[in-house]
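All remarks here apply to the structure that follows.
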Amino acid sequence: MSNTKKYVLLFCILIIATFFRFYHLTTIPPGLYPDEAMNGNNASEVIQTGQFKVFYPENNGREGLFIGIQALVLKTIGLHEAWVLRLPSAVVGTITVLGIYFLAAELFGTEIGLLAAFFIATSFWHINFSRIGFRAIMAPFLLVWGVYFFMRALRAISSMRGMIYATLAGIIYALGFYTYISYRVTPLLFLLFLPFFQKHPEFWKRTIIFISVTFLVCLPIGLYFLGHPGDFFGRTSQISVSSSQSPLQDLALNIAKTALMFNVSGDYNWRQNISGAPELFWPVGILFLLGIVIGVRQLWKQFRAKEIVSGENNMFPNFSLLFIFVMFLLAGLPAVISNEGIPHALRSIIMIPPVMMLAAIGTLWLYRWLMAMPRYQNFTKILSLILLAYIAIIGGYASYFITWAQNPNVPEAFAANYVDIGNQINALPTNIPKYVVVNAGGVMARGLPIPTETVIFITDSFLPDQATAKNIHYLLPNEISAIPAGTSSSTIFYIN
């Protein structure tokens, strides 16, 4: 494939990815889920105080990088609206598509890179989280780019270029530990490089640079966890399968449910999926299974031929398939060892890159198999174009913007009614006292249940002096007596 054709196709894929992640971002998803709002309120606090944190302990604990980025965006735009908190996700999601191309092309070649990029660009699974203000979207982004630059470091002929790539890889990869708890399984992935490349010239030199830079960048959050070990484990210990009465049985069940989520039955949470629908659009799901079969068969052939650890003529000949399978299995660990909401699309988000690459492998194999039959070549080309258009239009656009976005369960999943309360409060004059009675459950954050965070963000009243200046009073049910007699019901709001 010529460079011109390659870059034209990549550009078209990025246009598709950008469209799916930014189209109607100001209105879809509707509402603002309290977890998103909690991030926004911490971001607002960063703006007010100038104090960025590596970790925010409220709401079961969250790593701080994404909140810091949200703070920069919030300060720049200056609007307390849901889409402002989601804008970083859309940008990160789009750049992840580009990263998938580079990583897959580095491992398997241009065709696999383009196909993998197309599949993630049109994937409901990735589109959805690219439009929500959750920090998890940064995990696959930083992992993909970190691994890519580490591979570039190994491939580089120039010693200086190799060290530069290794340093860049260390910085990018390390930042992932400031994003999402599932990212912590990824160091095991790099152990796979040892049997393949330990004898490669300058492998240890570049690896030591990578490890050293990663360690230095991770040092602040590492020191934080040393001082706050409870925050390191956080909610993980509460929902771990090891805490159940029958851990082995539950683990087996979780593995089965996670395995079936790609093609049979996916996440039932409307916030994270079309409830119960497979995580992969059915043609992509079939191609993903085909990719697994092709990959396993190829690895078995290499194993029997004792070629599994080689690579003198090609940097990543036999390593690539094994790497993707290990990446896939490791990425699934955070989901299967938890015991809540399985299958869980969010907790398994770093499975997306290997899944899309496996689907691309299956696609390319099928295409080449059909093209090997001369009488079917024209038919294969036409069918391929129709299939790709079908995946983009039905699997991408229709699935997200019609089937999911127009479903009546979605506004409730994103607490749209709480946003309405916030907007009603904003419409009232400052000199009129507003009372918000919080009769909702959930984790407490600074004396109030988390559902309150949506109203707090929309009204920009997170800090006490902000709430006082805007004459907004947040009350628990046992504090209703604080509302003066005769107060108009139009100034009393209830969060249930």
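The values are calculated or read from the model by the stated rules, or taken from the named source; none is laboratory data. Here the structure is a predicted model, which is why all the values come from computation and not from measurement. Neighbour counts are summed over all protein chains in view; Cβ atoms, including those assigned to glycine, are modelled from backbone coordinates with ideal geometry.
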- Query: Within region 251-266, is there a residue that is surrounded by 15 or more Cβ atoms within 10 Å (Cβ to Cβ), among the small types (Gly, Ala, Ser) and either closer than 16 Å to Ala359 by Cβ or touching a His at 6+ places or on another chain (Cβ under 7 Å) (or both)?
  - Reply: yes
- Among the listed residues Leu103, Leu188, which satisfies the condition of being over 15 Å from the mean Cα position of the chain (by Cα), buried (at least 24 other Cβ atoms within 10 Å of the Cβ) and either in a helix (DSSP H, G or I) or in contact (Cβ under 8 Å) with a residue 24 or more places away in the chain (or both)? Leu103
- Task: Write out, first by first residue and then by second, each pair whose Cβ atoms fall under 7 Å of each other, whose residues are 6+ apart or on separate chains, and whose first residue, in region 12-26, is over 19 Å from Ile402 (Cβ atoms) while the second is of a type in the set (A, V, I, L, M) and loosely packed, with under 15 Cβ neighbours inside 10 Å.
- Result: none
- Message: Taking the criterion of being at pLDDT 95 or above and outside any loop (DSSP other than H, G, I, E, B), would at least one residue in region 235-243 satisfy it?
- Response: no
- Note on the structure: Gly396 fails exactly one of (1) more than 19 Å from Phe134 (Cβ to Cβ); (2) touching a Leu at 6+ places or on another chain (Cβ under 8 Å); (3) in contact (Cβ under 8 Å) with a residue 24 or more places away in the chain, namely (2)
- Query: Of the residues that sit in region 254-274 and are touching a Ser or Thr at 6+ places or on another chain (Cβ under 9 Å) and in a helix (DSSP H, G or I), which one is modelled with the lowest pLDDT?
  - Reply: Asn254
- Item | Conditions (1) more than 30 Å from Thr403 (Cβ to Cβ); (2) of a type outside the set (A, V, I, L, M); (3) not assigned by TED's automatic domain parsing to the domain that holds Phe134; number of the one not met by Gln70 | (1)
- Message: Based on this model, can you work out whether Ile421 counts as part of a helix (DSSP H, G or I), among the β-branched types (Val, Ile, Thr) and either more than 30 Å from Pro57 (Cβ to Cβ) or without any contact (Cβ under 8 Å) to a residue 24 or more places away in the chain (or both)?
- Response: no
- Message: Being over 15 Å from Ile350 (Cβ atoms) and assigned to a loop (DSSP other than H, G, I, E, B) is the filter here; which residues of region 129-182 pass it?
- Response: Arg131, Ile132, Gly133, Ala156, Ile157, Ser158
- Query: Quick check: is even one residue across region 11-34 in a helix (DSSP H, G or I), surrounded by 17 or more Cβ atoms within 10 Å (Cβ to Cβ) and over 21 Å from the mean Cα position of the chain (by Cα)?
  - Reply: no
- Query: For region 193-208, does any single residue satisfy the condition of being in a loop (DSSP other than H, G, I, E, B), touching a helix residue (DSSP H, G or I) at 6+ places or on another chain (Cβ under 6 Å) and of a type in the set (Phe, Trp, Tyr)?
  - Reply: no
- Message: I'm checking my understanding of the structure. Among residues of region 389-404 that are buried (at least 17 other Cβ atoms within 10 Å of the Cβ) and not β-branched (Val, Ile, Thr), which one is farthest from Leu287 (Cα to Cα)?
- Response: Trp404
- Hey, does region 391-405 have a residue that's among the aromatic types (Phe, Trp, Tyr), under 23 Å from Thr27 (Cα atoms) and out of contact with any helix residue (DSSP H, G or I) (no Cβ under 8 Å at 6 or more places or on another chain)? yes
- Which residue pairs have Cβ atoms closer than 7 Å, lie 6 or more positions apart in sequence or on different chains, and pair a first residue in region 335-350 that is in the same structural domain as Gln245 (by TED's automatic domain parsing) and under 16 Å from Ser123 (Cβ atoms) with a second residue that is surrounded by 21 or more Cβ atoms within 10 Å (Cβ to Cβ) and among the acidic types (Asp, Glu)? Pro343/Asp267; Ala345/Asp267; Ala345/Glu279
- For the subset of region 191-235 comprising residues that are in contact (Cβ under 8 Å) with a residue 24 or more places away in the chain and of a type in the set (S, T, N, Q), which member is farthest from Glu63 (Cα to Cα)? Thr207
- Item | Flag for Phe232 being more than 21 Å from Phe323 (Cβ to Cβ) and aromatic (Phe, Trp, Tyr) | yes
- Query: Of all residues in region 459-496, how many are surrounded by 12 or more Cβ atoms within 10 Å (Cβ to Cβ), in a loop (DSSP other than H, G, I, E, B) and of a type in the set (Gly, Ala, Ser)?
  - Reply: 1
- Hey, Ile432 hits all of (1) surrounded by 13 or more Cβ atoms within 10 Å (Cβ to Cβ); (2) among the hydrophobic types (A, V, I, L, M, F, W, C); (3) not in a helix (DSSP H, G or I) but one; which does it fall short on? (1)
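Mind checking which residues of region 406-423 are surrounded by fewer than 19 Cβ atoms within 10 Å (Cβ to Cβ) and over 16 Å from Ala37 (Cβ atoms)?
At the first step, the residues of region 406-423 found to be surrounded by fewer than 19 Cβ atoms within 10 Å (Cβ to Cβ) are 406-409, 411-413, 416-417, 420, 423.
Passing the criteria: Gln406, Asn407, Pro408, Asn409.
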- Query: With (1) farther than 22 Å from Asn60 by Cα; (2) touching a strand residue (DSSP E or B) at 6+ places or on another chain (Cβ under 7 Å); (3) touching a residue at least 60 places away in the same chain (Cβ under 8 Å); (4) of a type outside the set (Gly, Ala, Ser) as the list, and Ile495 as the residue in question, which single condition is left unmet?
  - Reply: (1)
- Taking first residues from region 81-100 that are not assigned by TED's automatic domain parsing to the domain that holds Ile172 and second residues anywhere that are part of a helix (DSSP H, G or I) and aromatic (Phe, Trp, Tyr), the pairs with Cβ under 7 Å that are 6 or more apart or on different chains are none
